[in-house]
Amino acid sequence: MTVWIVLLRGVNVGGGKNNTIIMKDFKVMLEGLGYKGVKTYIQSGNAVFSTSGTSAGTIKQEVGEAIERTFGFLPQIMVLKREAFRQKFTDNPFPQAEDEPKTLMICFLEREPDAPNFDNMKELQADTEEFQLKGDTFYFYAPKGIGRSKLAEKLERLLGVPVTARNLRSVGKILELAEVL
């Protein structure tokens, strides 16, 4: 059995009318697909489970079709094996963020970007902000707050690939769930 992590982007976390997925309903949907040990973490679309004999592409397709059928829309879906997710967590180049884990965003990219616009990123980053691209993962440290960052606001466009991000605390909690499967 392989342990997988699914991260959704574009789901309503505020309980609005559009693109809302209640995590208990998401869990039931994933169990209906035959996935084992399904656990979700907070309302922003994070799930862990195990299954055998499949690939990230197959899971992405199955989950996407099931969400569309069940909830009536298709969010962006990132699928990672537990080992890859763990590696992204441990590869954190900004250990100073461990004391304030909400100051570091780990951005999961759909693929490694072909031509990220580093010049514009450097123009937009605040003096206190730091970033590093490692393959298909972008680490963004903003000690004065991610929500205030001009770079964070334009990051996906500057990278040129779809992105979903979680703060270091959330990545750690999701990993804890995955490690017990």
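The values are calculated or read from the model by the stated rules, or taken from the named source; none is laboratory data. A quick note: this is a predicted structure, and the numbers were derived from the prediction, not measured. Positions of Cβ are backbone-derived with ideal geometry, glycine not excepted, and every protein chain shown enters the neighbour counts. Just the protein is used for accessible areas: all its heavy atoms, side chains included, with ligands, DNA and RNA removed. Shrake-Rupley method; radii C 1.70, N 1.55, O 1.52, S 1.80 Å.
Annotations
- Scanning the range 103-140 for residues that are in contact with a strand residue (DSSP E or B) (Cβ under 8 Å, 6 or more places away or on another chain), over 21 Å from residue 80 (Cβ atoms) and among the hydroxyl-bearing types (Ser, Thr, Tyr) yields a single hit, 103.
- Test for residue 93: is it over 30 Å from residue 62 (Cα atoms), open to solvent by less than 70 Å² (accessible area, probe 1.4 Å) and not in a helix (DSSP H, G or I): yes
- Boolean, residue 173 is touching a residue at least 24 places away in the same chain (Cβ under 8 Å), within 15 Å of residue 122 (Cβ to Cβ), in a helix (DSSP H, G or I) and not β-branched (Val, Ile, Thr): no
- Residue satisfying all of: in the range 153-170; assigned to a helix (DSSP H, G or I), of a type outside the set (D, E, K, R) and out of contact with any helix residue (DSSP H, G or I) (no Cβ under 6 Å at 6 or more places or on another chain); nearest to residue 113 (Cα to Cα) among these: 159
- Screening the range 119-139 for residues that are of a type in the set (S, T, N, Q) and not in a strand (DSSP E or B) and picking the one that is surrounded by the most Cβ atoms within 10 Å (Cβ to Cβ) gives 125.
- Residue match in the range 35-54 (condition: over 22 Å from residue 176 (Cα atoms) and in a helix (DSSP H, G or I)): no
- Residues within the range 1-55 that are open to solvent by less than 40 Å² (accessible area, probe 1.4 Å) and hydroxyl-bearing (Ser, Thr, Tyr), tallied: 5
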